[in-house]
1. Quick check: with the 1.4 Å probe, what order do A:130, A:56 take by accessible area, largest first?
2. Towards the positive end of the charge dipole of the protein assembly as shown, with charges on Cβ (+1 Lys, Arg; -1 Asp, Glu), say which of B:76, A:38, B:87 has the farthest Cα.
3. Considering every residue in A:146-153, what mean count of other chain Cβ atoms within 10 Å of its Cβ is obtained?
4. Taking the Kirkwood radius as the inverse of the mean 1/r across Cα pairs, report the Rg/Rh of the protein assembly as shown.
5. To the nearest 20 debye, what is the magnitude of the charge dipole of the range B:95-144 about its Cα centre, counting +1 on the Cβ of each Lys and Arg and -1 on the Cβ of each Asp and Glu?
6. Once the Cβ-Cβ distance between residue A:73 and residue B:50 is put in as r, and R0 is 35 Å, what FRET efficiency do you end up with, to the nearest 0.05?
7. In nm, to one decimal, how far is the residue B:133 label point from the residue A:147 one, both placed 7 Å along Cα→Cβ?
8. Once the other residues with Cβ under 9 Å from the Cβ of residue A:16 are scored (Lys, Arg +1; Asp, Glu -1), what is the net sum?
Amino acid sequence: MTEEEFVIIITPFKDKIYRLARRILVSTDEAEDAVQEVLLKLWKGRDRIKSYKKPEAFAMTMTKNYCLDRLKSKQAGHLTIVHSSYTASKERLQDQIEANDGVSIVFKIMDTLPEQQKLVLQLRDVEQYEFKEIAQILEMNETAIRVALSRARKTIREELTKQYNYGVS
Amino acid sequence: MESVKLKTLLNSYLEGTTTLAQESQLRNYFAITEVAPDLAPFKEMFDDFSKVEAETYNKPVSINRPNFWQKPWQYGIAAILVIGVGVSLFMLPGDGLSSEERLAIKQYEEFKTHMQMISGELNNGIGELAYLSEFEKASEQIFK
């Protein structure tokens, strides 16, 4: 497979990979790195990519796993550098700025959701995947996905309603 | 959309039982309609969910990133070559002598040939002396 063919295959879903990474990792820089990493992994396994029925779902699963791993090691990193608080606080400040930068209130609430609900909501309401595809990507069954989705949607609605009420009173 | 239908749709949306088609129906509805305050959270949700689609990955896709460990065998060969060249440079002079030492050996060889020539001449001289002593013996016998 040439590089051009590869780019043609990944172009339709590279934005989705980026948004998923962004949702999990919050920081745009980290998300861009993650996309780069995932694309590199896909390129290394390019001989197999055509044998997958849906390279997109495969890439999304890969992104999810990679980002969650990153998140885990990042949190571990935060824990270890607690004493040298210069870097730690700087990173957190940057995260905060990035989190506030151009991200709407809905996504702020979304960030507070449990990981699984966040992912389901992202894949369904933002990327508009079918339940079957989400099940494939997240390696969960459809019922669990519907439950998580319902909870996520309800939480967001409740939080937004709360905020509106504060605004009024 | 009638409000009754909207309510049922929103309820099933919250339960996670709407289809994609129904969801895009809701999305379109909230995108163009001003809604009552109690539905405002839904409008916000759908608006934000559509906005995020503008978030795109604009960096060029570069997969040929130079990766040091991509081809370790090449580095192996390079390392062996470097070590080989180093070792052979160390070993090549063979006798392990410096230029001064080699000059000294050359001079020693020349000195040796000179000395051999001299000793050859001396041996000739000793030969002549043997004749001389023969001659003396003979003359002693004659003039006794």
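1. Numbers: A:130 90, A:56 50 Å².
Final ranking, largest accessible area leading: A:130, A:56.
2. The listed residue farthest towards the positive side: A:38.
3. Values: counts 3, 2, 1, 6, 6, 2, 1, 8.
Across the residues of A:146-153, the mean count of other-chain Cβ atoms within 10 Å is 4.
4. That ratio equals 1.65.
5. In total the dipole reaches around 160 debye.
6. That gives a FRET efficiency of 0.60.
7. 12.8
8. Neighbourhood net charge equals -1.
The values are calculated or read from the model by the stated rules, or taken from the named source; none is laboratory data. Worth saying up front: this structure is predicted, and the values here are computed from it rather than measured. All Cβ positions, glycine included, derive from the backbone under ideal geometry; neighbour counts span all protein chains shown. Surface accessibility is based on the protein's heavy atoms, side chains included, excluding ligands, DNA and RNA. Shrake-Rupley method; radii C 1.70, N 1.55, O 1.52, S 1.80 Å.
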